[in-house]
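Below is one structure; the comments refer to it alone.
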Amino acid sequence: MPTTSIKDFIYTHPTEPPRRTRRAPRRILVQAWARSMAGDEGEVTVLGHWGSPFVTRVRLALRLKGVRYEYVEEDLRSKSDLLLRCNPVHRAVPVLIHRGRPVCESQAILQYVDEAFGPPTLLPADPHERAVARFWAAYFDDELGAPWDRALRAGTEEERAAWMKKVVDAADGLERGLGECTDGGRKGCFFGGESVGYVDVVVGGAVSYVHAVARVSGERLFQDEGRTPLLAAWLRRFGELDAAVELLQDVDRVVEYVRFIHTKNAAKATAN
């Protein structure tokens, strides 16, 4: 029997035990559906789940750009008709609905938000700098996020340690990327320089998980000032942003979430 990944858990569980987040009542979902499908000029709806870092990055982008939106918390064990109709392919959050049209997948949503709404912009104006930003955003998801997901769903400590080594190595690469984007910190502490940019939002959605992993397993992905000084400074500054204070998940809650996943997958590995 396959183990449960963090992404699978987010997509199939309404909340982390033992706490329970009440799903939006059907009346609210129907109203959201009606408003979003009406195609009103400024109507924006986000379908999400509290534990998803992918949803968090979308909400951060909207908050940074000053876009007002309605947020609908999905019970992903019993997905709403609105979610299934808006994302029939992956049937997953996040989904952004603007003027009655859905946009799916977090990085696609971020790029849509950047183009559809006013300043501040997230992606640079220069084509090369824009390509560099997209490269490092993809690097984070593919080289750091993917093995991180495997580490979180590992059934044994040995397997988890092997995957976490890949995560730590990828964090070293991300440190080099931050140095490239900021000229070694001389142009600012964010990937976007003095201001928050596209890569900051992509990485920022996972900040609560960075802190949670440090507490659960002791792995300091970004916090080690000797190994990743630029990321350590970035982590502090990003966490001080009003948008981050408002929208990042409570770390205690994420710690409980991660421990539940570890326990569940360890039990499955033992049973097998």
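The values are calculated or read from the model by the stated rules, or taken from the named source; none is laboratory data. Model, not experiment: these values are computed from the prediction. Heads up, the Cβs are rebuilt from the backbone with ideal geometry, glycines too, and the neighbour counts pull from every protein chain shown.
Observations on the structure shown:
- If you go through the range 135-164 and keep only what is assigned to a loop (DSSP other than H, G, I, E, B) and in contact with a Cys (Cβ under 8 Å, 6 or more places away or on another chain), you end up with nothing.
- Selection from the range 136-159 of residues that are among the aliphatic types (A, V, I, L, M) and either farther than 15 Å from Thr263 by Cα or not assigned by TED's automatic domain parsing to the domain that holds Ala212 (or both): Ala137, Ala138, Leu144, Ala146
- Counted residues, the range 52-76 - those being on the phi < 0 side of the Ramachandran plot and not in a helix (DSSP H, G or I): 12
- Some residue of the range 112-122 being surrounded by 14 or more Cβ atoms within 10 Å (Cβ to Cβ), out of contact with any Phe, Trp or Tyr (no Cβ under 7 Å at 6 or more places or on another chain), modelled with pLDDT under 95 and not in a strand (DSSP E or B): no
- Filter pass, Arg63 being of a type outside the set (A, V, I, L, M), under 17 Å from Leu248 (Cβ atoms) and either more than 16 Å from the chain's Cα centre (by Cα) or surrounded by fewer than 22 Cβ atoms within 10 Å (Cβ to Cβ) (or both): yes
- Number of the exception - Asn87 against (1) more than 28 Å from Gly197 (Cα to Cα); (2) buried (at least 18 other Cβ atoms within 10 Å of the Cβ): (1)
- All positions within the range 224-250 that are in a helix (DSSP H, G or I) and either in the same structural domain as Phe54 (by TED's automatic domain parsing) or of a type in the set (Val, Ile, Thr) (or both): Val245
- Qualifying residue in the range 177-197 (condition: part of a helix (DSSP H, G or I), among the hydrophobic types (A, V, I, L, M, F, W, C), surrounded by 14 or more Cβ atoms within 10 Å (Cβ to Cβ) and out of contact with any strand residue (DSSP E or B) (no Cβ under 9 Å at 6 or more places or on another chain)): no
- In summary, Val245 fulfils each of the numbered conditions (1) in contact (Cβ under 8 Å) with a residue 40 or more places away in the chain; (2) surrounded by fewer than 21 Cβ atoms within 10 Å (Cβ to Cβ) with the single exception of condition (1).
- Residue count for the range 204-220, restricted to those that are more than 16 Å from the chain's Cα centre (by Cα) and either in a loop (DSSP other than H, G, I, E, B) or in contact (Cβ under 8 Å) with a residue 12 or more places away in the chain (or both): 6
- Qualifying position, being touching a Lys or Arg at 6+ places or on another chain (Cβ under 6 Å) and in a helix (DSSP H, G or I), among Val168, Val201, Val132: Val201
- Residue check for Val103: of a type outside the set (Gly, Ala, Ser), buried (at least 22 other Cβ atoms within 10 Å of the Cβ) and at negative phi: no
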